[in-house]
Every structure is written in structure tokens, then in C-alpha cells.
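Rule-based calculations on the coordinates, nothing more; no lab input. Note that the coordinates shown come from a computational prediction; the quantities given were computed from them, not determined experimentally. Cβ placement follows ideal geometry from the backbone for every residue including glycine, while neighbour counts extend to all protein chains displayed.
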Amino acid sequence: MHKNTKAACAATAAAVLLLGGASTMASWNDSKTIAGGAIKSGSLSLTQETGQTCTAWTLDGAGGGGAFVPGTTLVVPGDVITRTCTYTVNATGEHLAATVGLASPSFDETNDLVSALTADADYTIDADPLEDPAAATIADGAAITSANDGDVLSAAVSVTFSSATAGTTAQEMTATLDALTVSLTQTHA
């Protein structure tokens, strides 16, 4: 190999080494610390306080109201059974909003009677149940906010046997209702 070629190769290798080391050279920099702090979360729940309960089921059908005894009272198309439960709303948070709703009921059986039953709820909310005027009605899916913290939510849940049930459909059947669930579902206000 010629001296010139060797010299050119050595110069190229030196340049590569210098360029590779350029990234390790010091440069100016600065940083600032941003102070942290405690982050606390709010809350959303329904609780049954002392004295808050669910009423007994009642039969409100076209034949007149009366007691409904699960497993004993026989319902017919058009009947509505109702129960009212009261809860204290616990809602805290700067941008808290929640919708009130009733989850679809679940039954132990799958039959025509189950298919003919629908569940619904009417809600009222009251900041002070001991004062007049009466509680304000709120719609299914209505918003609850932190302004309602401590208010009393009443849910009148009902199960309706469809009056459109015809012929012998759903006769002499049992539909065991597992539970009805009133819920508050958080959204961001």
C-alpha cells in the first residue's frame, strides 16, 4: 500500500473518531423543579343511613292497591309492583357529575313471564326531607353533582307485567327477581 493511501486511511479514521466523540462534548443546560403536592380524590356513593329503608312491595294494578307477597301474590297482565328505597347521596369532587339510573333486572328463569316484565324507576331528590316543599322529581339519567352531597335520593322502582300479554302467554309461571340496582355513574362536569 502506498504511503499516501495509508495516510488517507489514517486521516479518515481520525476524523470518524473525532466525529463520534463530538456527541460527548459538554453543552449548556439548565433545569427547574416543579413543586408537587397532595392529590386527593372525591367520592360518589349511595348509602342507607339509619332510618332509611326500602318499603314493602305493593301491588298497584287496575284492580286496586294492596300488599304484594313475593312467591304468593299472583299477578296478571297490567299489574305493577312497586317498592321505594331511600339513600343518602355522597358526592364530592370539583368536576363531579353522575347520572342516576336503574340497571336491567336479572331473573333466575328464562320464560314468557320474564319477557313480559319490565322494570322502571321514578326518582326524587330532597336536600331536607323534613321541610316543605316536597322533593324535586328527577329523570332517569339526570345529573347528580357535588351540590347534592348529603341530599336524600328516593327511588320508586316498579316492575310492570305488560298489559299486551295475550292468550295463555306467561300463565302459571314464576319469574324470580334477583335484584334491582339503582346506580350513580360518574361523568366529568
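Tabulated values for the structure
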| item | result |
| --- | --- |
| Sorted by Cβ neighbour density within 10 Å, fewest at the top, the residues Cys54, Cys85 | Cys54, Cys85 |
| Asp30 versus Ser43: modelled label distance in nm, points set 7 Å from Cα along the beta carbon direction | 4.6 |
| Separation of the Ala67 and Thr55 label points, Cα + 7 Å toward Cβ, nm | 1.5 |
| Inter-probe distance in nm under a simple model that places probes 7 Å from Cα toward Cβ, at Ser162 and Asp120 | 1.4 |
| Full-stretch length increase - Thr110, Ala139 - with 0.36 nm per residue and alpha-carbon distance subtracted | 7.5 nm |
